[in-house]
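The values are calculated or read from the model by the stated rules, or taken from the named source; none is laboratory data. Because the structure is a prediction, the values reported are computed rather than measured. All Cβ positions, glycine included, derive from the backbone under ideal geometry; neighbour counts span all protein chains shown.
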Amino acid sequence: MEIRKARLQDASNIYELVNSLSSDGTLLRRAFAEICENVRDFTVAESAQGIFQGCGALHLYGPHLAEVRSIVVRPEAKSKGTGGLLLQSLLDEAEDHGVGCVCLFTRIPDFFFRHGFRVVEDRTALPDKIYKDCQNCPRLYRCDEVAMARGQIPKVSILGTRIEAEQLVRLTG
Ligand SMILES: CC(C)(COP(=O)(O)OP(=O)(O)OC[C@H]1O[C@@H](n2cnc3c(N)ncnc32)[C@H](O)[C@@H]1OP(=O)(O)O)[C@@H](O)C(=O)NCCC(=O)NCCS
């Protein structure tokens, strides 16, 4: 299995796989244009035969925080360690960038526990994530995801303050 940074030529495979799991809310829907624009965030897994097996993205908010997004492995390729390799590669990338904390929202915390993530009980401790995604999320009023992080939760934010995030969550919860 090869794990490598995505190229623009991977965008259609990424688009199809990510959106195949978006209708039930497993993954956030991503527009093709958004994937192309952010393709440098993505890492892909490819078989020895060069066949696309899965992907994951690392979104950088700033030196204080990054987020693992859109991590997914093709159904027929699951349980062979590919998801773990993709995740480790994204964590290595965050470390290369000197980012102290990596967060994510998920419905499958058990997978991420195995990779050093812990639950963040109060999601307003991650205001950047709330401002980036939650406001526009169709599941805003019925979020069933668990907030998780690896590393120290940052005391600073770039997109909104914690107080603003608390207000937003209160208004919508
Ligand atoms: C999560 C995912 C990327 C893991 O990929 P993978 O290649 O199967 O991962 P690995 O082989 O490294 O690890 C597999 C282990 O992860 C854990 N795991 C995987 N999916 C899980 C789930 N839905 N719930 C709980 N644990 C899970 C299990 O312990 C599993 O071991 P097992 O196969 O012996 O049961 C893959 O299952 C997937 O694409 N899921 C759908 C998309 C998704 O939910 N992404 C996460 C969004 S935050």
Output for Cβ contacts, cut-off 7 Å, separation at least six or different chains, first residue at positive phi in segment 10-21, second among the β-branched types (Val, Ile, Thr) and surrounded by 19 or more Cβ atoms within 10 Å (Cβ to Cβ), reads none
Of the listed residues (48, 33), the one being without any contact (Cβ under 8 Å) to a residue 40 or more places away in the chain and of a type outside the set (Lys, Arg) is 33
Quick count over segment 144-158, residues being hydrophobic (A, V, I, L, M, F, W, C), within 17 Å of the chain's Cα centre (by Cα) and surrounded by fewer than 17 Cβ atoms within 10 Å (Cβ to Cβ), is 1
With the first residue restricted to segment 74-88 and required to be free of Cβ contacts under 8 Å to residues at least 40 places away in the same chain, and the second required to be near the ligand (Cβ under 7 Å from one of its atoms) and assigned to a loop (DSSP other than H, G, I, E, B), Cβ contacts under 9 Å at 6 or more apart or on different chains are 84/114
Check your understanding: Does segment 98-113 include one or more residues that are modelled with pLDDT under 95, more than 23 Å from residue 23 (Cα to Cα) and out of contact with any helix residue (DSSP H, G or I) (no Cβ under 7 Å at 6 or more places or on another chain)?
Key -> yes
Taking segment 35-50 and keeping residues more than 17 Å from residue 83 (Cα to Cα) and surrounded by 13 or more Cβ atoms within 10 Å (Cβ to Cβ) leaves 35, 36, 38, 39
Among residues of segment 22-49 being in a loop (DSSP other than H, G, I, E, B) and of a type in the set (A, V, I, L, M, F, W, C), the residue farthest from residue 67 (Cα to Cα) is 48
Among 74, 123, 118, the single one that is among the basic types (Lys, Arg), surrounded by 15 or more Cβ atoms within 10 Å (Cβ to Cβ) and modelled with pLDDT of 95 or more is 74
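Let's see how each residue does on (1) modelled with pLDDT of 95 or more; (2) surrounded by fewer than 20 Cβ atoms within 10 Å (Cβ to Cβ):
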| position | (1), (2) |
| --- | --- |
| 19 | yes, yes |
| 24 | no, yes |
| 52 | yes, yes |
| 56 | yes, no |
| 69 | yes, no |
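State whether one or more residues within segment 4-17 are modelled with pLDDT of 95 or more and under 22 Å from residue 130 (Cα atoms).
Scanning segment 4-17 turns up no residue that is modelled with pLDDT of 95 or more and under 22 Å from residue 130 (Cα atoms).
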The residue from 88, 152 that alone is farther than 30 Å from residue 53 by Cα and polar (S, T, N, Q) is 152
Filtering segment 68-110 down to residues that are of a type in the set (Asp, Glu) and either more than 10 Å from the ligand (Cβ to nearest atom) or in contact with a Lys or Arg (Cβ under 6 Å, 6 or more places away or on another chain) (or both) yields 76, 92, 93, 95, 96
